[in-house]
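Once you've had a glance at the structure underneath, I'll fire off some questions.
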Amino acid sequence: MGASGAYNLQESELSLEERVLVITKGRNAMNAFESLLSPEEIEAVAKYTFTLADQ
Ligand code: HEM
C-alpha cells in the first residue's frame, strides 16, 4: 500500500480478467471506475498496469 492508500501495482499478480473486474467494480478500499470509463477504456488501463510490474 502506497502513501496515497492505493495498492502498489508493481506487486500485483492478478490476471487481466481479474484486473478488469477490480477496476470495473472496485474492491475493498478501491473505488469502482465503471461510471467513469467505458469497458474498452478499463481493459486498456488493465493492460497498462502490466507494464508497471516488477521484473
Ligand atoms: C487508475 C487508477 C487505478 C487503477 C488502474 C487501479 C487498479 C487496481 C488493480 C488492478 C488492483 C488489484 C491489485 C491486486 O490485487 O493484485 C487494485 C487494488 C487496489 N486499489 Fe486500485 N487502482 C486505481 C486507483 C485506486 C485508487 C484511487 C485507490 C485508493 C486511493 C485504490 C486503492 C486500491 C486498493 C486499496 C486495492 C486493494 C484492494 C483490496 O484490498 O482488495 N486504487 N487497484
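Taken together, the values in this text are just the output of simple stated rules run on the coordinates, not laboratory data. Since the structure is predicted, the reported quantities are computational estimates derived from the model, not experimental observations. Heads up, the Cβs are rebuilt from the backbone with ideal geometry, glycines too, and the neighbour counts pull from every protein chain shown.
Tell me the label-point distance for the pair Ser15, Ser35, using the 7 Å Cα-to-Cβ offset, in nm and rounded to one decimal.
So the two model labels end up 3.0 nm from each other.
Further, regarding this structure: Tell me, rounded to the nearest percent, the portion of alpha carbon pairs in the chain spaced more than 18 Å apart.
29
Follow-up question, since we're still on this one. Rounded to the nearest 500, what is the chain's calculated 222 nm mean residue ellipticity when only DSSP H runs of at least 4 contribute -39500 (n - 2.57) each, over all residues? Show your work: numbers first, answer last.
On the way: 2 runs with 22 residues, N = 55.
After summing the helix terms and dividing by the residues of the chain, the value is -12000 deg cm²/dmol.
Roughly speaking, what is the centre-to-centre gap between the stretch 1-27 and the stretch 40-55 when only Cα atoms are used, to the nearest Å?
Using only Cα atoms, the two centres lie 10 Å from each other.
Looking at the chain, which GluC sites (Glu not before Pro) are DSSP coil and have at most 16 other C-beta atoms within 10 Å of their C-beta?
Here the GluC sites (Glu not before Pro) that fit, given the DSSP loop and packing criteria, are Glu13, Glu34.
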